[in-house]
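Comments concern the structure below.
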Amino acid sequence: MTESTSFRAAVIDDEKDITISLSRILEKQGYDVTSYLAGEGFLENLKKKFYDLIFLDVNLGPQKLSGIDILKILKEKGFSGHIIIISGNADISTAVEALKQGASEFLEKPFNLKEVQRCIKQFEKSADLLKERDSLLSGIMSRYELIGSSSIMESVRKQIEKVALLKEPVLITGESGTGKELAANSLHYYSQRRGKTLYRINIAAITDSLLESQLFGYEKGAFSGAESPSPGLFKAATGSSLFLDEIGEMDVKLQAKLLRVVQEQEVLPLGTSDVISVDTRCIFATNRNLPDEVKAGNFREDLYYRINTFEIMMPPLRDHREDIPQLAEKILMDFSFENNLPCKELDSAVLEKLSEFPFPGNIRQLKNMLVKALIESGKEDLIKSEHLVLESGKTSQNISGIVSSDLFWETSPLAEKKRALERLYIQTQLNKHGGDLKSTAASLGLVVNNLYRKLKEYGINP
Ligand SMILES: Nc1ncnc2c1ncn2[C@@H]1O[C@H](COP(=O)(O)OP(=O)(O)OP(=O)(O)O)[C@@H](O)[C@H]1O
Ligand SMILES: [Mg+2]
């Protein structure tokens, strides 16, 4: 037995005596054990728990999932731990089937202590090699966990888990600050590509020519300054995933080149005619309404249809307010932990205030407000109402102003109206922040470059 435990084990058997005796043996050896009398309960808990070792009975009773069914589900989910199949039938064909499906070993009932210990030892040998990598990964995965037990967040998580295992591109949409980047990370770490680095690029943050060379790579001498060849992100991310953030900001000409890579999985680096094959899973995100952009001629229709087969819509916070207490707790805990501060709770009046706030900047705005309130609370044990500043609290007043203005009542196509409102809102925020781009961008939940593009687009002078 290795010195460092504790491994997490699950024992799934419909015979209570078996679960008790196996749990005892494992616990004695320092394992953290959970036992289940049926596979259904085990699968339900799997969302919250990770296991290194699973003892799985083949026959779990009539009308129930069998051990082989569970084995298949585990493999589909990309489970890479050690599975020991147990069976009372001494049925060699079941054993072969289980091993074919990816089980590591087969334990025949009735078994004795020695046999169980041999299985455990075998597992520990292989686990020693994988343990370090796995614990690192589970740490990363919990960092990218999407918090929220509302049904809408639950369905987002389910969608992520479902599409994670595919190779198809995924489009993540939603307003600013709703968690698109977090969802992209989560998607990568649920996929079988999780052992490799997730590559990322923010399309809004760099110029078109730099974007082209960074994405597709180049040969030496392809342009002035190209002193040595570069493989480009698609090639670098082969076998892994590439997160292309703010895809709505991409130049139409580059979109044509991107379409080819997404469709053919082939890249043509700048300055060469040799095509390179890649195996890169693309994850796209945007806060723009791409169908509107397609209509306006800013986004290629063929590219849109290629990337939106699997679309994950991140809901605005106002549509899952019930998650605010849970989100607030996690945000405060993470921030306090990262900054070595004592963890504080929120006064109920604060939660009440938060539950009524519109949160145009979504979860990012909630996070900013909570962090400020935490700092404001100084030495007090509790974060109270007076520490909380509801930023852009004038929103409802502004909205009612807009509602009564001509802008609201004059009829024009929705896309046009949206742009007019966006322009007005940006102009108002810019005035409010005295023309300061950095603070305006922060209040709008945008990166400065993105705001700058919008100002250019709308002809607003900062
Ligand atoms: N469900 C969630 N659980 C925990 N934290 C979340 C959740 N959703 C978002 N956050 C946090 O909110 C912040 C904003 O999220 P993120 O950057 O992913 O948003 P975004 O949709 O990409 O925004 P933008 O469009 O402005 O780029 C991050 O700090 C993120 O960790
Ligand atoms: Mg983002």
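Let me confirm something: among I73, I25, which residue is within 22 Å of G102 (Cα to Cα) and touching a Leu at 6+ places or on another chain (Cβ under 8 Å)?
I73
Conditions first: (1) modelled with pLDDT of 90 or more; (2) more than 16 Å from ligand 2 (Cβ to nearest atom); (3) of a type outside the set (A, V, I, L, M, F, W, C). Q365 passes all but one, so which condition is the exception?
It fails just one condition, (2).
Test I83 against the stated conditions and say whether it is at pLDDT 90 or above and assigned to a helix (DSSP H, G or I).
For I83, the condition - at pLDDT 90 or above and assigned to a helix (DSSP H, G or I) - is not met.
Going by what's in this entry, would F337 be described as closer than 21 Å to I160 by Cβ and open to solvent by 30 Å² or more (accessible area, probe 1.4 Å)?
No; evaluated as a whole, the condition is false for this residue.
Whether any residue in the stretch 338-353 is in the same structural domain as L166 (by TED's automatic domain parsing), in a loop (DSSP other than H, G, I, E, B) and among the acidic types (D, E) is what I want to check.
No, that holds for no residue.
Consider the stretch 302-324. How many of its residues are assigned to a helix (DSSP H, G or I) and under 20 Å from A204 (Cα atoms)?
3
Within the stretch 194-225, take every residue that is in contact with a Gly (Cβ under 7 Å, 6 or more places away or on another chain) and farther than 14 Å from D251 by Cα and give me the one that is farthest from ligand 1 (Cβ to nearest atom).
Per the stated criteria, the residue is G221.
Name the residue, out of A95, A103, that is farther than 29 Å from S149 by Cα and in a helix (DSSP H, G or I).
After ruling out the rest, the residue left standing is A95.
Would you mind finding the one in T440, T428 that is closer than 18 Å to N287 by Cβ and either free of Cβ contacts under 8 Å to residues at least 24 places away in the same chain or surrounded by fewer than 17 Cβ atoms within 10 Å (Cβ to Cβ) (or both)?
T440
Report, by residue number, each residue of the stretch 347-363 that is open to solvent by less than 40 Å² (accessible area, probe 1.4 Å) and within 16 Å of ligand 1 (Cβ to nearest atom).
L354, F357, F359, G361, N362, I363
Are there helices (runs of 4 or more DSSP H) fully within the stretch 159-247 with at least 1 residues that are within 16 Å of ligand 2 (Cβ to nearest atom) and either open to solvent by less than 40 Å² (accessible area, probe 1.4 Å) or without any contact (Cβ under 8 Å) to a residue 40 or more places away in the chain (or both)? List them.
Where helices (runs of 4 or more DSSP H) fall fully within the stretch 159-247 and carry at least 1 residues being within 16 Å of ligand 2 (Cβ to nearest atom) and either open to solvent by less than 40 Å² (accessible area, probe 1.4 Å) or without any contact (Cβ under 8 Å) to a residue 40 or more places away in the chain (or both), they are 180-190.
Condition first: in a helix (DSSP H, G or I) and within 15 Å of ligand 1 (Cβ to nearest atom). Now tell me which residues in the stretch 275-292 satisfy that.
The answer is L290, and nothing else.
Applying the selection to the stretch 364-383, what residues are out of contact with any strand residue (DSSP E or B) (no Cβ under 7 Å at 6 or more places or on another chain), surrounded by fewer than 17 Cβ atoms within 10 Å (Cβ to Cβ) and free of Cβ contacts under 8 Å to residues at least 40 places away in the same chain?
Across the stretch 364-383, the qualifying residues are K372, I375, E376, G378, K379, E380, D381.
Restrict the check to the stretch 311-320 and report whether at least one residue is within 15 Å of ligand 1 (Cβ to nearest atom), under 21 Å from V389 (Cα atoms) and surrounded by fewer than 17 Cβ atoms within 10 Å (Cβ to Cβ).
Yes, the stretch 311-320 contains a residue that is within 15 Å of ligand 1 (Cβ to nearest atom), under 21 Å from V389 (Cα atoms) and surrounded by fewer than 17 Cβ atoms within 10 Å (Cβ to Cβ).
State the number of residues belonging to the stretch 258-274 that are assigned to a loop (DSSP other than H, G, I, E, B) and under 26 Å from the mean Cα position of the chain (by Cα).
The number of residues fulfilling the criteria is 1.
The values are calculated or read from the model by the stated rules, or taken from the named source; none is laboratory data. Everything numeric here is computed off the predicted structure, so don't read it as measured data. Every residue, glycine as well, gets a Cβ built from its backbone with ideal geometry; the counts of neighbours run over all protein chains shown. Only protein heavy atoms, including side chains, enter the accessible area calculation; ligands, DNA and RNA are left aside. Shrake-Rupley method; radii C 1.70, N 1.55, O 1.52, S 1.80 Å.
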